Amino acid sequence: MPLKKRRETQSTAGRGVAGKFPIIGMKCRQTKKIVAKAIDTTDRETLHEFVHSNTTESAIIDTDEHRGYRHLNREHLCILHNRYQYVDGDVRTNGIESFWSGIKRAYKGTYHYMSQKHLNRYVKEFTGRFNLKGLDVLDQMKWLFQNMVGKQLIYRELIA
């Protein structure tokens, strides 16, 4: 897509959602690990499916006030960002917000554009970086090479 047309279709100003692609994620307080992925919509069904497939029934879920999180089949506590609430006792979303800020910094400073087609690849890259940051470089490389076995990225598929 030509740069001018891309700029016309994607607004990055403000807090609106126009021209933005949704990503959902969560951080486990015990393991400090992130799970995230690009999604098509932020409707209740999509959000509930993600939460239920990545948590146990006994999990306590802290979220922002997005309507799609209502009536989760889990203990659910909510932070009201629209009322400038960011912490309420043990209820907070600061861990995942830190992850989002890392993606935003990379978008603005390194990539400048992430296509919807490849957005999940970017999300996986940042999730992996975040989850491996406690390891030294050799252990990170070992993990990387072990997880490359049997995988290939064909250029034709990448650009198609």
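Would you say Gly14 is of a type in the set (Gly, Ala, Ser) and at pLDDT below 95? Yes, satisfied. When the residues of region 116-134 are narrowed to those that are under 13 Å from Phe21 (Cα atoms) and in contact with a Phe, Trp or Tyr (Cβ under 9 Å, 6 or more places away or on another chain), which ends up most open to solvent (accessible area, probe 1.4 Å)? Selected residue: Gln116.
Does Leu153 count as over 21 Å from the mean Cα position of the chain (by Cα), among the aliphatic types (A, V, I, L, M), part of a helix (DSSP H, G or I) and under 30 Å from Lys20 (Cα atoms)? First the steps, then the outcome.
Values: over 21 Å from the mean Cα position of the chain (by Cα): yes; among the aliphatic types (A, V, I, L, M): yes; part of a helix (DSSP H, G or I): no; under 30 Å from Lys20 (Cα atoms): yes.
No: the conditions fail for Leu153.
The values are calculated or read from the model by the stated rules, or taken from the named source; none is laboratory data. None of the values given here were measured: they were computed from a predicted structure. Don't worry about glycine lacking a Cβ; one is built from the backbone with ideal geometry, like all the others, and counts go over all protein chains shown. All accessible areas refer to the heavy atoms of the entire protein, side chains included, with ligands and DNA or RNA removed. Shrake-Rupley method; radii C 1.70, N 1.55, O 1.52, S 1.80 Å.
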